[in-house]
Amino acid sequence: MPSSGLVKVILDYDGTLTAEEEQVEELAERSIGTLSRDILKVPLSQVREDYSRIRAKIMAEPHKHWWEVNGAIAAYSDEGAFITNTTTIQVMLRTTPSYSEAVARRFPEPEYDPIMDCSNYLFHKNTFDLEPRFRPAAKAVFSELAAAADLETLVLSSSKGDKVRKNLRTIGFAEMRVLGDTRQYEMVPSWNKEFVHPRQGTGQIFQVDEQHTIDLRRPAYYKALMSEMEDSARLIVVADTWSMPGALPMMMGIPFFLLKTTYTPGWCERHVSAHPYGGMLSDLALLPERIRALV
Ligand SMILES: [Mg+2]
């Protein structure tokens with residue numbers, strides 16, 4: 001049983017508080033540079049050309065490509081600007097034999113597999129120094145939530161917590177608690193926890209529509225959410241993408257708001273809108289009133 005009346009609002013970082021769509025080009029260019037120079041050792045123009053060819057192929061049929069971890073779908077390629085970049089890099093490295101070999105040499109003792117480790121490495125290395133671009137409402141929303149005695153705001157990130165803390169400091173929120181490195185992408189096929197879907201029965205992987213499934217085998221994220229629930233009345237999760245930060249909470253009965261951005265795919269919007277625990281957020285500025293309507 002919850003031990004207090006506190007409501008924890010878990011706010012995703014990249015793309016929710018920040019304008020990911022304005023940063024992705026620079027992230028891609030930095031990642032292409034790192035690959036060319038330090039990992040693949042092939043000319044920059046070649047990697048750039050491969051990247052744009054693979055990206056175009058993926059976006060022509062986004063449901064056929066995904067961010068894959070341990071053989072499972074962590075997120076579909078079109079769910080977020082950074083996810084499209086990560087998927088493009090993974091597919092490029094996986095489908096080009098000389099690239100796969102170079103990555104295997106560079107990451108000989110991987111935590112996941114060499115390509116996953118490589119894409120994680122590129123993400124952490126190349127987002128760390130990106131200039132933070134907070135969405136216009138971020139600071140005001142933070143101030144309003146922080147002023148409410150019955151709410152605690154936490155910032156959720158798969159990035160290392162130090163990047164997030166460093167950037168929050170620039171808008172005056174250095175003290176904000178960061179749930180860093182929560183690994184919403186960490187898929188563990190051997191995890192045996194099952195979930196009950198209102199129409200599809202008991203299981204771990206459910207159908208979203210004809211082209212998409214959702215895989216809930218995310219024990220690290222599950223544990224993080226369960227642990228935050230222990231000393232609160234309820235949680236609310238807010239993010240700009242669905243599969244990684246949103247699907248699991250929704251299935252656990254935790255309200256989830258999906259922020260609508262320039263890259264939000266229609267299939268995510270349809271699914272979240274129709275779900276009893278889901279809701280679309282058309283602008284980050286509206287978050288405080290949407291939370292007030294719930295608690
Ligand atoms: Mg995000």
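Derivation of every value follows stated rules applied to the coordinates shown; laboratory data play no part. Nothing here was measured: the structure is a model prediction, and the numbers come from that model. Please note: Cβ atoms are built from the backbone with ideal geometry, for glycine as well, and neighbour counts cover all protein chains shown.
Among 146-154, 243-251, 121-129, 214-222, the peptide with the highest mean count of other Cβ atoms within 10 Å heads the list, and the full ranking is 243-251, 214-222, 121-129, 146-154. Spread over its residues, the convex hull of the C-alpha atoms of region 106-228 is 177 Å³ per residue.
The lysine pair tally for the chain, using Cα distances under 23 Å and a gap of 8 or more places or different chains, is 18. Per-residue 3J(HN,Hα) values for region 198-214, derived from phi via the Karplus relation 6.51 cos²θ - 1.76 cosθ + 1.60 with θ = phi - 60°, read x, 10, 9, x, 8, x, 10, 10, 10, 7, 9, 7, 4, 9, 9, 10, 10 Hz in sequence order (x marks Gly and Pro). Using alpha-carbon positions, what is the distance between the centroids of region 175-210 and region 1-66, in Å? Taking the Cα centre of region 1-66 as reference, the centre of region 175-210 is 21 Å away. For the chain, the membrane-span-like helix rule (DSSP H, alpha carbon extent of at least 18 Å along the helix axis, mean Kyte-Doolittle at least -1.0) picks out 44-60, 81-95, 114-128; this says nothing about an actual membrane. Ordered from longest to shortest, the equivalent ellipsoid semi-axes for the chain are 31, 22, 17 Å, each the square root of 5 times a Cα gyration tensor eigenvalue. Coordinate range of the alpha-carbon atoms in region 1-77 per principal axis, descending: 58, 25, 23 Å.
For Glu68, the residues whose amide H sits under 5 Å from its own are Ala74, ignoring neighbours fewer than 5 places away on the same chain, with H placed 1.01 Å from N. The alpha-carbon positions of region 21-128 define a convex hull whose volume is 94 Å³ per residue. With 0.36 nm allotted per residue and the present C-alpha distance subtracted, the Ala293-Ala140 stretch has 53.2 nm of extension available. One chain, two ends: Ser100 and Arg53. Fully extended at 0.36 nm per residue, the span grows by 15.2 nm beyond their Cα-Cα distance.
Every Cα-Cα pair of region 199-241 was included, and the share exceeding 14 Å stands at 65 percent. A simple spin-label model places pseudo-atoms 7 Å from Cα toward Cβ; at Glu22 and Asn192 they are separated by 5.0 nm. Under a Gaussian network description of the chain, with springs only between Cα atoms under 10 Å, the residue in Ile115, Ile39, Ile73 that fluctuates furthest is Ile39. Summarising the amide proton neighbourhood of Val155: residues at separation of 5 or more, or on other chains, whose placed amide H is nearer than 5 Å comprise Leu11, Arg177, Val178, Leu179.
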